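Here the structure is laid out as structure tokens; the discussion comes afterwards.
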Amino acid sequence: MSLMIILLAFPVGFLLFLMFSLRHKKRQATRLFARGIEYIKLLRSLLTYVQQHRGLTTGFINGNFSAKPDIEALGARIKHVIADVETTGEWMAENVKWSSLIDHWARLGMGYLQGDADKNFKQHNILIANLLYLIDDVADAHHLSKLTGDAMDTDWRYLLSIAEYIGQARALGTGVAAKGECSSVLRIQLNHLRNKIASSVDASWPEKSRVEIHYLLRCIESQLIVDKPSIDASEYFKLATRCIEHVLEQFDRQIDRLQYYRN
């Protein structure tokens with residue numbers, strides 16, 4: 001009888017151990033996923049603010065001095081988001097890419113006061129590219145992926161690339177509008193970005209989004225890459241910002257879907 005009890009207890013105990021182990025792993029995976037979503041949302045905000053900083057500072061260097069209060073306000077927002085990211089968890093606090101990014105921002109945040117528009121633009125681009133790489137790392141490390149299998153959904157990482165195309169066009173265009181002239185180099189850059197944006201617009205996006213983005217493209221063509229740019233810098237910045245927000249609305253929808261299907 002004792003032998004039978006022992007023989008029965010072993011598989012039962014093993015099954016119980018396996019059940020609790022799987023449950024523990026599932027809880028760990030859920031916590032990891034939730035932390036990843038938290039990071040992604042914070043880094044999305046940081047990306048948005050740094051992109052705006054690039055655009056406003058490019059305009060400032062080229063003569064739109066009224067943007068200075070907005071630039072300073074953005075600096076405060078960026079500082080706040082950085083603090084939130086660093087207190088979210090150990091993964092980011094110990095990440096070398098994050099430390100490098102923060103160090104870069106510390107040097108870049110006030111760099112626009114030196115008055116070098118090209119350097120300011122390029123350094124922002126480098127920082128933003130590294131931030132996008134970091135977002136990829138967060139997604140991989142926290143198992144964030146496209147779970148819905150819906151062919152109509154654009155990959156959320158690609159949406160950030162589209163937003164960056166528009167963000168670069170916003171910065172360069174704001175500088176052109178503020179200065180009132182468009183060099184041959186800037187015409188090439190803006191036309192290249194215009195083509196990138198045009199080929200990225202998804203027919204499944206809401207009509208309002210598509211209409212406004214196409215209006216931005218016409219504006220670049222007819223009011224910026226011309227002999228005498230005819231659009232106000234602040235007006236152009238706001239137009240491009242609305243287009244970025246349209247793209248990021250799709251991004252936010254994707255993240256919400258990730259959470260929904262995970263739960």
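The values are calculated or read from the model by the stated rules, or taken from the named source; none is laboratory data. Keep in mind that what you see is a predicted model, and the values were worked out from it rather than measured. Methodologically, a virtual Cβ is constructed for each residue, glycine included, from the backbone with ideal geometry; neighbour enumeration extends over all protein chains shown. Just so you know, the surface numbers come from the protein's heavy atoms only, side chains and all, with ligands and any DNA or RNA stripped out. Shrake-Rupley method; radii C 1.70, N 1.55, O 1.52, S 1.80 Å.
Is it the case that residue 231 is part of a loop (DSSP other than H, G, I, E, B), of a type in the set (A, V, I, L, M) and either touching a Lys or Arg at 6+ places or on another chain (Cβ under 8 Å) or under 26 Å from residue 66 (Cα atoms) (or both)?
Numbers: part of a loop (DSSP other than H, G, I, E, B): yes; of a type in the set (A, V, I, L, M): yes; either touching a Lys or Arg at 6+ places or on another chain (Cβ under 8 Å) or under 26 Å from residue 66 (Cα atoms) (or both): yes.
Yes: the conditions hold for residue 231.
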Scan segment 176-194 and tell me whether some residue there is in a helix (DSSP H, G or I) and under 20 Å from the mean Cα position of the chain (by Cα). yes
Note on segment 199-220: residues surrounded by 14 or more Cβ atoms within 10 Å (Cβ to Cβ) and in a helix (DSSP H, G or I) are 200, 209, 210, 212, 213, 214, 216, 217, 219, 220
Select the helices (runs of 4 or more DSSP H) contained entirely in segment 89-147, then report the ones holding at least 3 residues which are open to solvent by 20 Å² or more (accessible area, probe 1.4 Å), at pLDDT 95 or above and under 30 Å from residue 64 (Cβ atoms). 96-108, 117-141
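If I ask for residues that are open to solvent by less than 60 Å² (accessible area, probe 1.4 Å) and out of contact with any helix residue (DSSP H, G or I) (no Cβ under 7 Å at 6 or more places or on another chain), which ones from segment 79-88 would you list? Working first, answer last.
Applying the first criterion (open to solvent by less than 60 Å² (accessible area, probe 1.4 Å)) to segment 79-88 yields 81-85, 88.
Hit for segment 79-88 is 83, nothing else.
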